[in-house]
1. Just name the residue that is surrounded by the fewest Cβ atoms within 10 Å (Cβ to Cβ) out of those in the range 117-150 that are of a type in the set (Gly, Ala, Ser) and near the ligand (Cβ under 10 Å from one of its atoms).
2. Looking only at the range 151-183, how many residues end up being touching a residue at least 60 places away in the same chain (Cβ under 8 Å), more than 11 Å from the ligand (Cβ to nearest atom), assigned to a loop (DSSP other than H, G, I, E, B) and surrounded by 18 or more Cβ atoms within 10 Å (Cβ to Cβ)?
3. Of everything in the range 132-173, what is among the small types (Gly, Ala, Ser) and over 15 Å from THR25 (Cβ atoms)? Give them in sequence order.
4. Across the range 256-268, what is the number of residues that are assigned to a loop (DSSP other than H, G, I, E, B) and either among the hydrophobic types (A, V, I, L, M, F, W, C) or in contact with a Lys or Arg (Cβ under 6 Å, 6 or more places away or on another chain) (or both)?
5. Among the residues of the range 103-114, how many are without any contact (Cβ under 8 Å) to a residue 40 or more places away in the chain and of a type outside the set (S, T, N, Q)?
6. Among the residues of the range 81-94, write down those that are in contact (Cβ under 8 Å) with a residue 12 or more places away in the chain and over 11 Å from VAL53 (Cβ atoms).
7. Applying the selection to the range 1-45, what residues are of a type in the set (Val, Ile, Thr), more than 20 Å from GLN72 (Cβ to Cβ) and in contact with a Ser or Thr (Cβ under 7 Å, 6 or more places away or on another chain)?
8. From (1) under 27 Å from VAL37 (Cα atoms); (2) at pLDDT below 95, pick out the condition that doesn't hold for THR223.
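The values are calculated or read from the model by the stated rules, or taken from the named source; none is laboratory data. Bear in mind the structure is a predicted one, so any value in this text is a computation, not a measurement. Cβ placement follows ideal geometry from the backbone for every residue including glycine, while neighbour counts extend to all protein chains displayed.
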Amino acid sequence: MQLVHTPQALRAALAPFASPAFVPTMGNLHDGHLDLVRQATTLGDVTVASIFVNRLQFAPHEDFDTYPRTLQADCERLQAAGCQVVFAPKESDLYPVPQTFKVHPPTELADILEGHFRPGFFVGVCTVVMKLFQCVFAEAKGPRFALFGKKDYQQLMVLRNMVSQFAMPITVVGGETQRAADGLALSSRNGYLSPTERQEAVALSRALRALSEAAQPLLANATTDVAALRQSLQHLEQSAKAQLDARGWKTDYLSVRRRSDLNLPHPGDAAVVLGASRLGTTRLIDNLEF
Ligand code: PAF
């Protein structure tokens, strides 16, 4: 496995290959990332991962400075999963001048849910992913693949739309969320939890499951009137939020949406329930399709 730091070195490392399969990450890798890497090895003729903690997607009060940076351990795990090239640029390699050109995703997709609570987050994500794609795929001649986890469900949807609207010749692949034995979605931020918080953390995925089970029969009834459906869903969401907050969480949202565009659902729509909540100082997100 080759470790490279500059876009130029990355292009040289990828020159012999036609068809990269790329897993962008911010490092501190867990089995969710490694599952994507293993999937990537079955897609292209070279498997590439990037490790870059992207300042552009963090608000000033967020955890950019403390985000765990574990390059050596990450490289060992990447190699064991079959990765061939790791791109780990320094900030000055990827942003040699301030990144004033940015990608602005549409409000209706990117300013709801995560984007509502983390203004500018998806601008930062789209901008860095666009740039990483230029570095990884610029010279590719064959099919190109980019893999993202479904745990960041809205991110996956925003990036799918970016790739499609810019007619980028890249197939975006979504990987299933990997969970601990108790159901907690794997996340680099789980490492911030104290042992007591770690025990409590499963309550978020349980809340999402309970909410999806309560919402399922309402959505399945295709004859329900839309306004009545939305009122009932809102009622379920509010009581789920109240229950979680009563356990000591501070919930940003628990919301049932339709899968296709993350808008409010109509009767009969395939749905997903998404949630973000803070336990102590750790903000966790999760979702469940149903
Ligand atoms: O999901 C992440 O780790 C990041 O948002 C990504 C896609 C690597 C962009 O920095």
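1. Among them, the one singled out is GLY124.
2. Final tally of qualifying residues: 2.
3. Of everything in the range 132-173, those that are among the small types (Gly, Ala, Ser) and over 15 Å from THR25 (Cβ atoms) turn out to be ALA138, ALA140, GLY142, SER164, ALA167.
4. 3
5. In the first step, residues of the range 103-114 are kept if they are without any contact (Cβ under 8 Å) to a residue 40 or more places away in the chain; the result is 104, 107, 111.
Those still in the list that are of a type outside the set (S, T, N, Q) too: 104, 111.
Adding up the residues that qualify gives 2.
6. Keep residues of the range 81-94 that are in contact (Cβ under 8 Å) with a residue 12 or more places away in the chain, which gives 81-91, 93-94.
If the condition is that a residue be in contact (Cβ under 8 Å) with a residue 12 or more places away in the chain and over 11 Å from VAL53 (Cβ atoms), then ALA81, GLY82, CYS83, GLN84, VAL85, VAL86, PHE87, ASP93 are the ones that fit.
7. Here is the first cut: in the range 1-45, the residues of a type in the set (Val, Ile, Thr) are 4, 6, 23, 25, 37, 41-42.
Filter once more, so that each one left must be more than 20 Å from GLN72 (Cβ to Cβ): 41-42.
Across the range 1-45, the qualifying residue is only THR41.
8. (1)
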